[in-house]
1. If we keep just the residues of region A:1-37 that are in contact with an Asp or Glu (Cβ under 8 Å, 6 or more places away or on another chain) and over 19 Å from B:Ile9 (Cβ atoms), which is modelled with the lowest pLDDT?
2. I need the full set of residues from region A:99-116 which are part of a helix (DSSP H, G or I) and surrounded by 15 or more Cβ atoms within 10 Å (Cβ to Cβ), in order please.
3. Determine, yes or no, whether A:Val28 is within 14 Å of chain B (Cβ to nearest Cβ) and part of a helix (DSSP H, G or I).
4. Give region B:77-95 a look and list any residue that's surrounded by fewer than 22 Cβ atoms within 10 Å (Cβ to Cβ) and either within 15 Å of B:Lys10 (Cα to Cα) or at pLDDT below 95 (or both), or say none.
5. Tally the residues that are more than 7 Å from chain B (Cβ to nearest Cβ), touching a Pro at 6+ places or on another chain (Cβ under 8 Å) and on the phi > 0 side of the Ramachandran plot, restricting the search to region A:31-77.
6. Filter region A:1-13 for residues that are surrounded by fewer than 20 Cβ atoms within 10 Å (Cβ to Cβ) and within 9 Å of chain B (Cβ to nearest Cβ); which is farthest from A:His79 (Cα to Cα)?
7. Looking only at region A:98-116, filter to residues that are under 17 Å from A:Ile34 (Cα atoms) and β-branched (Val, Ile, Thr); which one of those is farthest from the chain's Cα centre (by Cα)?
8. For region B:44-60, how many residues are closer than 19 Å to B:Ala14 by Cβ and either surrounded by fewer than 16 Cβ atoms within 10 Å (Cβ to Cβ) or out of contact with any helix residue (DSSP H, G or I) (no Cβ under 7 Å at 6 or more places or on another chain) (or both)?
2 protein chains.
Amino acid sequence: MTNQSIPLIKQFVALIKIKPFDSSLEFVEELADIMISDLDLKVVKKMCHIFNLAGITLVYILAQSHLVIHTYPENSVAHSDLVICANHNKKEFEKSLRHALYERGVYSIEVKTVKF
Amino acid sequence: MTNQSIPLIKQFVALIKIKPFDSSLEFVEELADIMISDLDLKVVKKMCHIFNLAGITLVYILAQSHLVIHTYPENSVAHSDLVICANHNKKEFEKSLRHALYERGVYSIEVKTVKF
């Protein structure tokens, strides 16, 4: 029998303003690795693309849904989008971002929660 | 000189309740193809995963950012997440979803906009 109830889906999105940074794949992967470890996420697949203007998109399909990080080095901005079928909260997401970006010259991290 | 302004980033997220459906990769790709065409998105890379319980995650890296669709067939639910660096609006996103899901037995489509 099909359950018409909504599955547990949580989504947290962050806009990060940061000092001019080296938008290398290594930098973005380090950021993601810390978040994945802190939030106990399980990676199923991974894909990335480096754009002409040095922006990077790094995508992970997770056992729990997905994590995507975009960098916009021309604006000194990064964007992180986490969708999870797990019981994390906004504070944990923000804490993992602050840990990942420790001593990286972050000006601000603004986090939004998408609720249904 | 680095521009500290926020780039144009728009994000629309939809939770779709739908009649029990065949959560095949073909179904999810058809849905995505219509959205990509309607919204004039340019696909750069694509990745998918089929989970044990028949849920599917389909991810596109776009020239404009990303589109991710998850299906939760056990709940008759799909989730669509579009991040775009382009001047689309919520109505266009919802219209493309309704077009893609025309005659698919949709009960409801709830769309949220993430604003920074």
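1. A:Thr2
2. The one that is part of a helix (DSSP H, G or I) and surrounded by 15 or more Cβ atoms within 10 Å (Cβ to Cβ): A:Ala100.
3. On the way: within 14 Å of chain B (Cβ to nearest Cβ): yes; part of a helix (DSSP H, G or I): yes.
Here the answer is yes, as A:Val28 does meet what is asked.
4. Filtering region B:77-95 for residues surrounded by fewer than 22 Cβ atoms within 10 Å (Cβ to Cβ) gives B:84-92, B:94-95.
Residues satisfying the conditions are B:Ile84, B:Cys85, B:Ala86, B:Asn87, B:His88, B:Asn89, B:Lys90, B:Lys91, B:Glu92, B:Glu94.
5. Step one: of region A:31-77, the residues more than 7 Å from chain B (Cβ to nearest Cβ) are A:31-43, A:46, A:48, A:50-56, A:58, A:60, A:62-64, A:67, A:69, A:71, A:73.
If we keep only those that are touching a Pro at 6+ places or on another chain (Cβ under 8 Å) too, we end up with A:53-55, A:73.
Checking which are on the phi > 0 side of the Ramachandran plot leaves us with A:54.
Residues that pass the stated criteria total 1.
6. Pass one, region A:1-13, residues surrounded by fewer than 20 Cβ atoms within 10 Å (Cβ to Cβ): A:1-8.
Those left that are additionally within 9 Å of chain B (Cβ to nearest Cβ): A:2-7.
Values: A:Thr2: 36, A:Asn3: 34, A:Gln4: 32, A:Ser5: 30, A:Ile6: 26, A:Pro7: 25 Å.
Residue satisfying both the conditions and the ranking: A:Thr2.
7. Here is the first cut: in region A:98-116, the residues under 17 Å from A:Ile34 (Cα atoms) are A:98-106, A:109.
When the remaining residues are screened for being β-branched (Val, Ile, Thr), the result is A:106, A:109.
Numbers: A:Val106: 15, A:Ile109: 12 Å.
My answer is A:Val106.
8. If we filter region B:44-60 for residues that are closer than 19 Å to B:Ala14 by Cβ, which is where we start, we get B:48, B:55-60.
Pick out the ones that are also either surrounded by fewer than 16 Cβ atoms within 10 Å (Cβ to Cβ) or out of contact with any helix residue (DSSP H, G or I) (no Cβ under 7 Å at 6 or more places or on another chain) (or both) and you get B:55, B:57, B:59.
Of the residues in region B:44-60, 3 are closer than 19 Å to B:Ala14 by Cβ and either surrounded by fewer than 16 Cβ atoms within 10 Å (Cβ to Cβ) or out of contact with any helix residue (DSSP H, G or I) (no Cβ under 7 Å at 6 or more places or on another chain) (or both).
The values are calculated or read from the model by the stated rules, or taken from the named source; none is laboratory data. Model, not experiment: these values are computed from the prediction. Methodologically, a virtual Cβ is constructed for each residue, glycine included, from the backbone with ideal geometry; neighbour enumeration extends over all protein chains shown.
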